[in-house]
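> One structure coming up, written as structure tokens, with questions to follow.
A short reminder: the numbers here are calculations on the coordinates, not readings from a lab. Values in this document were obtained by computation on a predicted structure and should not be read as measured data. Cβ sites come from the backbone with ideal geometry, for glycine too, and all protein chains shown count toward neighbours.
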């Protein structure tokens, strides 16, 4: 009976010590925003400091990333714009990353836009989660933090409040009208502001 209690206690300690691994496959330029969002999250939730591990597969880190770190992700976030890097990773490691993560029952979020049709990734098990896609598409600090909270919640982290995505500004030229502003599609708009 004592042996069962000790084994159960050790098993619980090992389970508590296991970090949630979030893997991102995206461009180098996205890395600072993710790290800034994580720092802000740690201010909200300092208890997460030793519970989360990240793996970033970017252009500059490609040769240093361990295939097993990507394949063992609890959540994979894949920017479709980087489909060539995904193909390069799969070829180098003789492994289909999206299908491999999904076969473990872990979520894969496809964000951004790419050249290949959605079916290419949905067939492998990628999810086109509209909330994750809205966070990504609208960008900005609050949306990066929202995306991070969303993927951590899907990885099993409890107690995170996932905000609604914040819309970004429309593209165009802005003219202050003393109220909400006016947006013009071109600088030389007919009729003036």
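> Obtain the nm distance between the two label points defined at residue 27 and residue 141 by a simple spin-label model: each point lies 7 Å from its Cα along the Cα-to-C-beta direction.
2.2 nm
> Can you list, largest first and rounded to whole Å, the semi-axes you get for region 127-167 by taking the square root of 5 times each eigenvalue of its Cα gyration tensor?
Working from the Cα gyration tensor, I get semi-axes of 16, 11, 7 Å.
> Residue 49 to residue 72: extension gain in nm, 0.36 nm per residue of separation minus the Cα-Cα distance? Working shown, then result.
Details: separation 23, 0.36 × 23 = 8.28 nm, distance 1.97 nm.
Here the segment from residue 49 to residue 72 would lengthen by 6.3 nm.
> Let me ask something else. What is the spin-label model distance, in nm, from residue 99 to residue 130 if the labels are put 7 Å beyond Cα along the C-beta direction?
3.0 nm
> Once Rh is set to the Kirkwood radius over Cα pairs, what Stokes-Einstein translational diffusion coefficient, in µm²/s, holds for region 19-184 at a temperature of 37 °C and a viscosity of 0.692 mPa s? Don't skip to the end; give the middle numbers.
On the way: Rh = 16.8 Å.
Calculated translational D: 195 µm²/s.
> Arrange the peptides 29-38, 59-68 so that the one whose residues have, on average, the most other Cβ atoms within 10 Å appears first.
Numbers: 29-38: 15.7, 59-68: 11.6.
Averaged packing, sorted descending, gives the order 29-38, 59-68.
> Please sort 147-154, 120-127, 90-97 by packing, taking for each peptide the average over its residues of neighbouring beta carbons within 10 angstrom, highest first. Walk me through the intermediate numbers first.
Details: 147-154: 22.4, 120-127: 16.8, 90-97: 14.2.
Answer by packing, highest mean first, reads 147-154, 120-127, 90-97.
> Quickly work out the residue 18-to-residue 36 label distance, labels modelled 7 Å from Cα along the C-beta direction, and quote it in nm with one decimal.
Placing both labels 7 Å along Cα→Cβ, they lie 3.4 nm apart.
> Against the 2.2 N^0.38 Å scaling, with N counting residues, where does region 85-144 land? I'd like the Cα-based Rg ratio to two decimal places. Walk me through the intermediate numbers first.
Numbers: Rg = 12.7 Å, N = 60, 2.2 N^0.38 = 10.4 Å.
Compactness ratio reported: 1.22.
> While we're looking at this one, here's another question. Taking every DSSP beta bridge with both residues inside region 19-184, roughly what % is antiparallel (nearest 5)?
Working: 3 of 18 bridges.
Looking only at bridges with both residues in region 19-184, the antiparallel portion is about 15 percent.
> Please give the contour-minus-distance gain from residue 161 to residue 116: 0.36 nm per residue of separation, less the Cα-Cα distance, rounded to one decimal in nm. Intermediate results must be reported in sequence, preceding the final value.
Numbers: separation 45, 0.36 × 45 = 16.20 nm, distance 3.32 nm.
Result for the pair: 12.9 nm of gain on full extension.
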